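**Student:** Would you mind keeping the following structure in view while I ask a few things?
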Amino acid sequence: MGTVTPRSVLRYETWTLQPDREPDAEQVLYAMQCAVDGETSPSSEDFAEPQDWVLRHCGQNPSHHTYREIITRPWRAWRRT
């Protein structure tokens with residue numbers, strides 16, 4: 001008899017990815033980051049809180065005009081059947 005060689009079986013599957021909107025999903029969180037000094041607001045479920053932080057931050061640092069929005073959104077993936 002000859003040498004036995006291992007074989008692989010490949011199975012291609014279709015996966016779906018979408019934001020997690022299930023009742024038990026993590027909350028979407030918002031934050032803002034100053035592009036000048038990198039300081040970041042606390043994260044919040046309410047976007048008004050990071051906006052208020054920006055207004056306070058630019059009031060304390062009048063030359064800081066540029067900010068980044070940071071959104072943490074839960075996603076879920078599953079295999080389609």
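One line per residue, one yes/no per condition, for (1) in contact with a strand residue (DSSP E or B) (Cβ under 9 Å, 6 or more places away or on another chain); (2) on the phi < 0 side of the Ramachandran plot; (3) in a loop (DSSP other than H, G, I, E, B):
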{"residue": "T3", "(1), (2), (3)": "no, yes, yes"}
{"residue": "P42", "(1), (2), (3)": "yes, yes, yes"}
{"residue": "L55", "(1), (2), (3)": "no, yes, no"}
{"residue": "R68", "(1), (2), (3)": "yes, yes, no"}
{"residue": "W78", "(1), (2), (3)": "yes, yes, no"}
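**Student:** Quick one: is Q33 at pLDDT 95 or above and either touching a Leu at 6+ places or on another chain (Cβ under 6 Å) or open to solvent by 80 Å² or more (accessible area, probe 1.4 Å) (or both)? It would help to see each step written out before you state the result.
**Tutor:** Working: at pLDDT 95 or above: yes; either touching a Leu at 6+ places or on another chain (Cβ under 6 Å) or open to solvent by 80 Å² or more (accessible area, probe 1.4 Å) (or both): no.
So Q33 fails the test.
**Student:** Just to be sure I understand the filter: pairs with C-beta atoms under 6 Å, separated by 6 or more residues or on different chains, first member in the range 3-18 and farther than 10 Å from W78 by Cα, second member of a type outside the set (A, V, I, L, M) and exposed (fewer than 10 other Cβ atoms within 10 Å of the Cβ). Which pairs pass?
**Tutor:** Close Cβ pairs (under 6 Å, with a partner that is of a type outside the set (A, V, I, L, M) and exposed (fewer than 10 other Cβ atoms within 10 Å of the Cβ)) amount to E13/R79.
**Student:** In the range 12-23, which residues are open to solvent by 40 Å² or more (accessible area, probe 1.4 Å), under 16 Å from I71 (Cβ atoms) and assigned to a loop (DSSP other than H, G, I, E, B)?
**Tutor:** Step one: filter the range 12-23 for residues open to solvent by 40 Å² or more (accessible area, probe 1.4 Å), giving 12-15, 17-18, 21-23.
Narrowing further to those that are under 16 Å from I71 (Cβ atoms): 18, 21.
Passing the criteria: only R21.
**Student:** Between a residue in the range 53-67 that is farther than 13 Å from E39 by Cβ and any residue that is open to solvent by less than 100 Å² (accessible area, probe 1.4 Å), which pairs come within a Cβ distance under 8 Å, given they are 6 or more apart or on different chains?
**Tutor:** Going by the 8 Å Cβ cut-off, the qualifying pairs are S63/V36; H65/V36; H65/C58.
**Student:** For E26, are the conditions met, namely being touching a residue at least 40 places away in the same chain (Cβ under 8 Å), charged (D, E, K, R), open to solvent by 90 Å² or more (accessible area, probe 1.4 Å) and out of contact with any strand residue (DSSP E or B) (no Cβ under 7 Å at 6 or more places or on another chain)?
**Tutor:** Taking the combined requirement at face value, the residue satisfies it.
**Student:** Then there's this: I'd like the full set of residues that are surrounded by 14 or more Cβ atoms within 10 Å (Cβ to Cβ) and over 15 Å from Q27 (Cα atoms), limited to the range 50-81.
**Tutor:** P50, Q51, D52, W53, V54, H57, C58, H64, Y67
The values are calculated or read from the model by the stated rules, or taken from the named source; none is laboratory data. These figures come from a predicted structure and were not determined experimentally. Please note: Cβ atoms are built from the backbone with ideal geometry, for glycine as well, and neighbour counts cover all protein chains shown. All accessible areas refer to the heavy atoms of the entire protein, side chains included, with ligands and DNA or RNA removed. Shrake-Rupley method; radii C 1.70, N 1.55, O 1.52, S 1.80 Å.
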